[in-house]
Amino acid sequence: MISRIRFLFSSTNQHGVHSPFVYDYLTNCLYKKPRIKRNKTFEILLRSIPYFKVKNIKIPHKDEGLITKLEGHFPDLKINIPPYDMVVIPIMHWSKAADSPIGSKEPSKEVIYFLTDLYGSKKSKTLWKSAAQSVQFNVSIDLYYSGLLFRRPAQRKQHFKVRI
């Protein structure tokens with residue numbers, strides 16, 4: 001609860017974002033109506049998949065409930081079949097996941113890392129901060145409920161905390 005209040009005071013909306021890439025994602029995807037009252041992390045994921053034209057998604061922690069829901073919403077989405085456009089992973093599994101770029105030289109340019117449970121514990125907050133500060137990514141978006149990491153060579157390193 002306290003972490004949510006702190007987040008609200010330190011975050012911005014689309015008007016405080018000075019990146020055309022992130023501004024477009026917020027205004028044309030996350031802030032677009034109608035909003036459906038459901039789990040915020042799942043709603044963000046549902047909106048992000050078509051926006052980023054994700055065809056292949058990896059869910060390394062084998063969350064059967066999530067896989068079933070995604071198959072219901074996106075029948076043509078290939079789950080756990082490479083090459084991946086997006087990797088969905090709880091932040092607590094980040095450092096030990098085979099798909100985590102930590103320890104590797106360079107993540108694939110095309111892969112979007114969608115991290116969940118960022119503020120569940122002090123350790124998860126620390127892992128998120130470390131992932132967002134990694135030199136391997138130059139765009140990180142903290143949405144409180146989830147976070148996204150991108151490798152965009154043409155953009156300078158930026159971190160965004162955004163209210164949705």
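Rule-based calculations on the coordinates, nothing more; no lab input. Keep in mind that this is a model prediction, so the values were computed, not measured. Cβ atoms come from the backbone with ideal geometry, glycine included; neighbour counts cover every protein chain shown.
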- Query: Contour minus end-to-end for N56 and K125, with contour as 0.36 nm per residue of separation and end-to-end as the Cα-Cα distance?
  - Reply: 22.1 nm
- What share of the DSSP beta bridges in the chain is antiparallel, in percent to the nearest 5? 35 percent
- Message: Using a 7 Å offset from the Cα along the Cα-to-Cβ direction at both V135 and E64, what is the distance between the two label points in nm, to one decimal?
- Response: 4.3 nm
- Residue-normalised 222 nm signal for the chain, counting each DSSP H run of n ≥ 4 as -39,500 (n - 2.57), nearest 500 deg cm²/dmol, is -8500 deg cm²/dmol
- Full-stretch length increase - N28, N80 - with 0.36 nm per residue and alpha-carbon distance subtracted: 16.0 nm
- Viscosity 0.890 mPa s, temperature 25 °C: Stokes-Einstein D of the chain from its Kirkwood Cα radius, in µm² per second? 152 µm²/s
- Task: Name the residues whose placed amide hydrogens come within less than 5 Å of the amide hydrogen of M86, ignoring near sequence neighbours (fewer than 5 apart) on the same chain.
- Result: N56, K58, I112
